[in-house]
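Notes follow once the structure below has been shown.
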Amino acid sequence: MKPHEQDVLRHSPAHARPAIFAAGAEVAFARPALAADVESAVTRFFAALGAGLFDAGCYLVGHIKGTIAAPGGEDFTFHSTALRARPRMTDGLAGSPIGAAILNVNVIVFGVDERVLQDIVTSAWAQALEAEIVWQR
């Protein structure tokens, strides 16, 4: 190992490896949700997630992405690669209001312990969706 490589290793942050959260969940909405309701919930999720990650010391987002799949094959997708940015979303839910859906989410960040990341993600979704969520990892 060259001397400058040793310095890089010695000065690496404690959480230099990514923390990963990947899970699916069954979501039962308290009342049927329209596409606009789902978009608002995703926006609230990103706000809560960004605040939680920032407070936990996150310094880099690999990505935050996911899908909300409704019965009938309609998928609403979202993603971002920034900590406090509005997510990019598709208009995949064009039909009738939905009462239940399957949520899949994948989050890769740096600077946060993986157990803390799990708590931040699940808490942010619980706040955003105002729905019963059963996570499956």
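Quick note: the coordinates plus some simple rules give every number you see, no bench work behind them. The structure displayed is predicted, hence computed values, not measured ones. Note that each Cβ is placed from the backbone with ideal geometry, even for glycine, and that neighbours are counted across all protein chains shown.
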Helix-only estimate, please: 222 nm mean residue ellipticity of the chain, summing -39500 (n - 2.57) across DSSP H runs of length 4 or more and dividing by its residues, to the nearest 500. -11000 deg cm²/dmol
Which listed residue (96, 107, 72) has the Cα farthest towards the positive end of the charge dipole for the range 17-136, taking +1 on Lys and Arg C-beta and -1 on Asp and Glu C-beta about the Cα centre? 107
Express in whole angstrom the spacing between the alpha-carbon centres of the range 21-37 and the range 105-126. 18 Å
